[in-house]
Amino acid sequence: MQTFTLVFAGIFGLILGSFFNVCIYRIPQGKSIVWPGSFCPKCNTPIKWYDNIPVLSYLLLRGKCRQCKAPISMQYPLVELVTGILTVLFVWKLGISVWTAVQLTAIYFLIILSVIDLELMIIPDRFSLGLIVLGVAFAWCNPNFHGLWWEKVLASLLGAGVGLFGVLAIALLGTWIFKKEAMGGGDVKLMAGIGAFIGWQGVITTVVMGSFFGLVYAVYAMLRHGKKGGDAIPFGPFLSLGALVNFWMLITPGMLVINI
């Protein structure tokens, strides 16, 4: 039964990943994510169902559109694979429960907004604000918080507040020191959403890990593209990565949480 559940979770995750690619492409352009169906962005030819099978179709088509032979970005199979793998891992770790669905929804939001931020340097509010609403609304079943349901809601709100105002303070300080925007408003709201899930202590570890991952990326960008390569980097993906590590580690309480 567990094997069947994990296989189903993997297939479900792959299919969702395919849909997330649609969201990533259309949401920043203000287009419907429902209609029309998938099409090639180069020649606008509708994509047949057999050319839209997650990962497999990309391999069979050798990464090219069947109609116009335009290259298909590696983003598409990567998003599908990452979504499928994370779905399997968290279902395996958490089992089937309300919280599993909530946690995976948060992870799916992070996947979509991270790719959008990498490509366009923006984080749509619908995802960061959605994380806040989701985290507070389901705080009652959040295993990262303790106490009665209202105490869990307060812990979630505190985490969101620390994420919002703490990271805002860091952003303002960085702007004053470096004389340019150090962190965008989207990053600030994103941390509020993450804090609503893992509390104020998780905000600290997420920011630390996100800063480390961002620094590594900035060094790589400067080595590859020169000094200008590290001038502006999207911070959302690295905060999301830090949050993902926290999501996973907090399943075993206390490993990445600072106990005061």
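Ellipticity at 222 nm from helices only: DSSP H runs of n ≥ 4 in the chain, each -39500 (n - 2.57), divided by the residue count, give -21500 deg cm²/dmol.
The label point for I33 and the one for R126, both projected 7 Å from the Cα toward the Cβ, are 0.6 nm apart. Overall, the accessible surface of the chain at a probe of 1.4 angstrom is composed of carbon and sulfur to the extent of 71 percent. For F39, the residues whose modelled amide H falls within less than 5 Å of its own, excluding neighbours fewer than 5 places apart on the same chain, are I47. Screening the chain for whole DSSP H helices of 24 Å or more along their axis (Cα) with average Kyte-Doolittle hydropathy at least 0.5 returns 2-26, 75-94, 98-120, 185-225.
Which value in nm describes the separation of the simple spin-label points at L172 and V98, placed 7 Å from the Cα toward the beta carbon? Reported label-point gap for L172 and V98 is 3.8 nm. Amide hydrogen proximity for K64: with H placed 1.01 Å from N in the peptide plane, the residues at 5 or more positions away or on another chain lying under 5 Å are I72.
Put the Cα centre of the range 1-39 next to the Cα centre of the range 111-187 and the gap is 24 Å. Per residue, the chain exposes 55 Å² of solvent-accessible protein surface, assessed with a 1.4 angstrom probe and all protein chains in place. Computed from label points 7 Å out along Cα-Cβ, the spacing between I85 and F4 is 2.8 nm.
The values are calculated or read from the model by the stated rules, or taken from the named source; none is laboratory data. It should be emphasised that the depicted structure is a prediction, and the values quoted were computed from it without experimental measurement. A quick note on method: Cβ atoms are made from the backbone with ideal geometry, for glycine too, and the neighbour counts reach across all protein chains shown. The accessibility values were calculated without ligands, DNA or RNA, using every heavy atom of the protein model including side chains. Shrake-Rupley method; radii C 1.70, N 1.55, O 1.52, S 1.80 Å.
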